[in-house]
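Only one structure is covered here, and it is reproduced in the block below.
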Amino acid sequence: MIEHRYFILNKPFNMVSQFVSSHEVRLIGDIDFAFPEGTHAIGRLDKDSEGMLLLTTNSKVTKLLFQGKQPHKRTYLVQVNNVINTETAMQLAEGIDISAKEGLQYRTTPCAVEIVEKPAYIQDNTSKPLHENVTNSWITITLTEGKFHQVRKMVKAVRHKCIRLIRISIEDLHLEGILPGEVKEVSETYFFEKLKL
């Protein structure tokens, strides 16, 4: 019986969620970690997004996590320009129209939105430094769907710009304690239990 391996990566800004690309980009394989053959990312974060990226040698996990009957919660820490107020946070939480394919609109499913302070464990090493006079706020958005660039589009729909987007948890797996570019290996039992698979 094959023993699969499971990893949590804190994906840095300006890195794609791939080991191979035909473009000149930073890849997961550029990280100083000896991933075993057959390791692949479960889901993706775009190049400009940061945070939790799960990797495994088990090809069945993607289907279990993203195509199973039970939806799984993902929480994003989002830095936006200007001060976001409670009314706007409620708009986002109740569901909002965002752009979809072929010029159509899509109404997002109700989700949890909270105005927060930036957690101490989030590093300020993004390569998009803010001007000292730029006013900004932090919110968390917890959702169970993941349309193309959904969180960025949701924030834009309420007239804010997404400055940083960091996935901080998937179900009960949390990013805390893992620095950008670091990899944490976990057991199969822990991985499946925390993801509620």
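Looking at the range 77-123, which of its residues are of a type in the set (Val, Ile, Thr) and either more than 16 Å from Ile163 (Cβ to Cβ) or in contact with a helix residue (DSSP H, G or I) (Cβ under 7 Å, 6 or more places away or on another chain) (or both)? Passing the criteria: Val78, Val80, Thr86, Ile96, Ile98, Thr108, Thr109, Val113, Ile115. Report, ordered by the first and then the second residue, all pairs with beta carbons closer than 7 Å, sequence separation of six or more or different chains, a first member in the range 174-189 that is under 10 Å from Phe7 (Cβ atoms), and a second member that is in a loop (DSSP other than H, G, I, E, B). Pairs found: Val183/Ile31; Val183/Phe33; Lys184/Ile178; Glu185/Arg5.
Take Thr109 and decide whether it is in the same structural domain as Val83 (by TED's automatic domain parsing) and in contact with an Asp or Glu (Cβ under 9 Å, 6 or more places away or on another chain). Considered against the rule, which asks whether it is in the same structural domain as Val83 (by TED's automatic domain parsing) and in contact with an Asp or Glu (Cβ under 9 Å, 6 or more places away or on another chain), Thr109 comes out as yes.
Among Glu145, Glu171, which is within 20 Å of Phe66 (Cα to Cα) and loosely packed, with under 15 Cβ neighbours inside 10 Å? Of the residues listed, the single one that is within 20 Å of Phe66 (Cα to Cα) and loosely packed, with under 15 Cβ neighbours inside 10 Å is Glu145.
Within the range 64-95, restricting attention to residues that are of a type in the set (Lys, Arg) and in contact (Cβ under 8 Å) with a residue 12 or more places away in the chain, the residue that is farthest from Glu50 (Cα to Cα) is Lys73. In the range 96-119, the residues that are in contact (Cβ under 8 Å) with a residue 60 or more places away in the chain form Cβ pairs under 7 Å with partners that are exposed (fewer than 14 other Cβ atoms within 10 Å of the Cβ) and not in a loop (DSSP other than H, G, I, E, B), at six or more places apart or across chains, as follows: Asp97/Gln105; Asp97/Arg107.
The values are calculated or read from the model by the stated rules, or taken from the named source; none is laboratory data. Bear in mind that the values here come from a model prediction, so they are computed numbers and not experimental data. Every residue, glycine among them, receives a Cβ derived from its backbone with ideal geometry; neighbour counts consider all protein chains shown.
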